[in-house]
Amino acid sequence: MEKVIRIQNGRIDQLGQTVLEHINFEVESDELVFLIGKTGSGKSSLLKVLYGELELSDGSGSIVEYDLKKLTKRQIPNLRRKLGVVFQDFQLLSDRSINDNLRFVMRATGWKDKREMDQRIRTVLAMVGLEGKEHIQPHRLSGGEQQRVAIARALINHPKVIIADEPTGNLDPETSTEIMHLIVAVAKEEKAAVIMATHDMSLIEKFPGKVYKVENKELRSLDMMNRFDPFQPLFD
């Protein structure tokens, strides 16, 4: 196994204020990692550092062999080709079909051969259970189906890391569990690590993984055996 993410004594600043500090965080290639913490605690900020939207203000860090302290704007598209990012609000282009949503990402990340593009689109849609729906527009799909499209989009470039920011936040409990099963299954098939920010404690109970809690500007690992103290609220 290789370490696909490593941050040592990291700090993240936004708008002149420290969001997180003393970050020590490692993820191996086959791991499922959950980030929990109340809204505004810094979970999304950490994820944004990992996909190059925010800078790592201090310390050292790397993701899929890219140095987060030396990351340039020119390198960010190349970094993102090795990552798959899934958002709570799907972020699909509503004016074009599923096929064209996926093609948009493929062209932006350097795909040129039409036959190879068509084959990969068929493959990822099959992986997420949406075979034959490539010509449908997103607004005609359910929320769960739209998130499946978002996962297919994240898989296009065979990611080494899947970053998911509240991917089930807009879904009902049954659909959330289905989407989580899907993310875990496709990550295993692609041999990708998964880092997921979530408020859904039932998912953490159903899907074993590492759990980190973000609070008081720090990231700390929760002990696997004693991760849930009934007398200590996880969220305020």
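The values are calculated or read from the model by the stated rules, or taken from the named source; none is laboratory data. Remember, predicted model here, so these are calculated numbers, not experimental data. No Cβ is skipped: glycine too gets one built from the backbone with ideal geometry, and neighbour counts run over all protein chains shown.
Flag set for residue 199, criterion: under 30 Å from residue 14 (Cα atoms) and touching an Asp or Glu at 6+ places or on another chain (Cβ under 9 Å). In the range 97-125, the qualifying residues are those that are of a type in the set (Lys, Arg) and either more than 13 Å from residue 154 (Cα to Cα) or touching a Gly at 6+ places or on another chain (Cβ under 6 Å) (or both), and the one that is surrounded by the most Cβ atoms within 10 Å (Cβ to Cβ) is 122.
Scanning the range 82-96 for residues that are at negative phi and surrounded by fewer than 17 Cβ atoms within 10 Å (Cβ to Cβ) yields 89, 93, 94, 95, 96.
On inspection, residue 136 passes the criterion of being touching a residue at least 12 places away in the same chain (Cβ under 8 Å), of a type in the set (A, V, I, L, M, F, W, C) and assigned to a loop (DSSP other than H, G, I, E, B). Within the range 150-168, the set of residues being surrounded by fewer than 24 Cβ atoms within 10 Å (Cβ to Cβ) and farther than 10 Å from residue 85 by Cα comprises 156, 157, 158, 160, 166.
Whenever a residue of the range 205-227 is farther than 14 Å from residue 46 by Cα and of a type in the set (Phe, Trp, Tyr), its partners that are at pLDDT 90 or above and not in a loop (DSSP other than H, G, I, E, B), lying with C-beta atoms within less than 8 angstrom and at least six residues away or across chains, give the pairs 207/32; 207/180; 207/184. Among the residues making up the range 34-78, those that are out of contact with any helix residue (DSSP H, G or I) (no Cβ under 9 Å at 6 or more places or on another chain), within 17 Å of residue 193 (Cα to Cα), without any contact (Cβ under 8 Å) to a residue 60 or more places away in the chain and not polar (S, T, N, Q) are 48, 49, 65. The requirement of being hydroxyl-bearing (Ser, Thr, Tyr) and in a loop (DSSP other than H, G, I, E, B) is satisfied by residue 94.
Look at (1) modelled with pLDDT under 95; (2) over 18 Å from the mean Cα position of the chain (by Cα) and you find that residue 3 fails only one, number (2).
When the range 53-68 is limited to residues that are more than 21 Å from residue 150 (Cα to Cα) and surrounded by fewer than 15 Cβ atoms within 10 Å (Cβ to Cβ), the one that is farthest from the chain's Cα centre (by Cα) turns out to be 60.
Among the residues of the range 27-68, those identified as closer than 17 Å to residue 3 by Cα and assigned to a loop (DSSP other than H, G, I, E, B) are 29, 30, 31, 51, 64, 65, 68.
Consider residue 78 carefully, then state whether it is surrounded by fewer than 16 Cβ atoms within 10 Å (Cβ to Cβ), more than 18 Å from the chain's Cα centre (by Cα) and not aromatic (Phe, Trp, Tyr). Answer is no for this residue. For the range 44-63, the set of residues classified as at pLDDT below 95 and touching a Phe, Trp or Tyr at 6+ places or on another chain (Cβ under 9 Å) consists of 52 only.
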